[in-house]
Amino acid sequence: MSSNPSPDPSSVRYDGPWTHKDVHANGIRFHITEGAGPGGEGGRPLVLLLHGFGDFWWSWRHQLTGLAALGFRAVAVDLRGYGDSDKPPRGYDGWTLAGDVAGLIRALGHAEATLVGHAEGGLVCWATAVLHPRLVRSIAVISSPHPVTLKRAVLRDRRQRRQFLPNFLRYQPPRYGERLLTEHDGFEIERLLRQRAGTTWATSTEADDTARRMRAAIRIPGTAHCALEYQRWAFRSQWRPDGRRFMSTMREPIRIPVLSLRGESDDYILASTVRRGHDLAPDRRLVMIPAAGHFAHQENPQAVTAELAKLLG
């Protein structure tokens, strides 16, 4: 059990060279964090940064400042159910999540954006690119294979299945997963962070600080349940018409530029998995990030930001 009171959602609004805002899109309120940069909001190309499982906008602190300094409008989002964004009881399916991002692009006053996502945030990038192609200029995904490719790898590749399935299935039972993520002041989130990161970064003071913030964020009331609903929909929908329809739709090839990044020492998403799927994204460039595991954007932020700058041109 947690020995500390549940944090207030606003506790994730950390001070820094950025501003915090509320934006309404797709029927709910999102908390966003925007990097400070030169020029007006509308005059800079929009880059939306989407975090992964159990995380929140803080994951993108390095890219917020780095991309803003390069002249881009960098905006990190607390996804539906996370951080200081609303936590509705429904809407954690691929269709709605893509609609969230499409709504955010419009609400921020832009006609298109480049999407950057880590892990589950990357899956939202893939879905938005397919379902709302006119709004997406390009995407960059970090340790996030195309959903069709990931499903194939889990079914056919014993090594990828061994890495991916245990925790995925462990979190499916109701209430058990929520308790697991929040007990002992959110220790499970720290365990996943250190297990999946590269050894050097996992034992660093920055990892200590990141783990502390993630443990607090996952204990915000409702967050653990919402985080798990992403994975539960992905699992349950495999046997339902909406899931089969979603995966069928996702087989439509993406014609926009795609940058696929993976930390060289990522043992969670294997290199063989991210190398597959060229037929689904013909204009894709794959880059392995040195000195990084599953959280390449935090472990080697300079290398990741440099690759994003190439994509953004």
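The values are calculated or read from the model by the stated rules, or taken from the named source; none is laboratory data. Quick caveat, the model's predicted, so the values are computed rather than measured. Cβ sites come from the backbone with ideal geometry, for glycine too, and all protein chains shown count toward neighbours.
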Seminar exercise, completed: In the stretch 224-250, anything under 21 Å from the mean Cα position of the chain (by Cα) and in a loop (DSSP other than H, G, I, E, B) is listed as Met250
Exercise. Is it true that some residue in the stretch 55-66 is in a loop (DSSP other than H, G, I, E, B) and either more than 25 Å from Gly177 (Cβ to Cβ) or modelled with pLDDT of 95 or more (or both)?
Worked result: yes
For this session: Kindly provide the set of residues from the stretch 67-98 that are in a helix (DSSP H, G or I) and β-branched (Val, Ile, Thr), ordered by number.
Result: Thr96
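Tally up the residues in the stretch 214-223 that are surrounded by fewer than 18 Cβ atoms within 10 Å (Cβ to Cβ) and within 19 Å of the chain's Cα centre (by Cα), please.
So the first thing to find is which residues in the stretch 214-223 are surrounded by fewer than 18 Cβ atoms within 10 Å (Cβ to Cβ), and the list is 221-222.
Of the ones still in play, those that are also within 19 Å of the chain's Cα centre (by Cα) are 222.
Qualifying residue count for the region: 1.
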Problem set entry | Gln160 vs. criteria surrounded by 16 or more Cβ atoms within 10 Å (Cβ to Cβ) and at pLDDT 95 or above | yes
Exercise. Does the stretch 263-276 contain any residue that is farther than 18 Å from Arg152 by Cα, at pLDDT below 95 and either part of a loop (DSSP other than H, G, I, E, B) or within 18 Å of the chain's Cα centre (by Cα) (or both)?
Worked result: no
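Quick one: in the stretch 163-182, of everything that is of a type in the set (A, V, I, L, M) and within 20 Å of the chain's Cα centre (by Cα), which residue is surrounded by the most Cβ atoms within 10 Å (Cβ to Cβ)? Before the answer, list the steps.
Start the filter on the stretch 163-182 by keeping residues that are of a type in the set (A, V, I, L, M), which leaves 165, 169, 180-181.
When the remaining residues are screened for being within 20 Å of the chain's Cα centre (by Cα), the result is 165, 169, 181.
Values: Leu165: 11, Leu169: 11, Leu181: 23.
Of everything passing the filter in the stretch 163-182, Leu181 is surrounded by the most Cβ atoms within 10 Å (Cβ to Cβ).
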Problem set entry | Residue match in the stretch 101-109 (condition: closer than 13 Å to Val23 by Cβ, within 15 Å of the chain's Cα centre (by Cα) and assigned to a strand (DSSP E or B)) | no
For this session: Say whether the condition of being out of contact with any Cys (no Cβ under 7 Å at 6 or more places or on another chain), within 23 Å of His31 (Cβ to Cβ) and of a type outside the set (A, V, I, L, M) is met by at least one residue in the stretch 142-150.
Result: yes
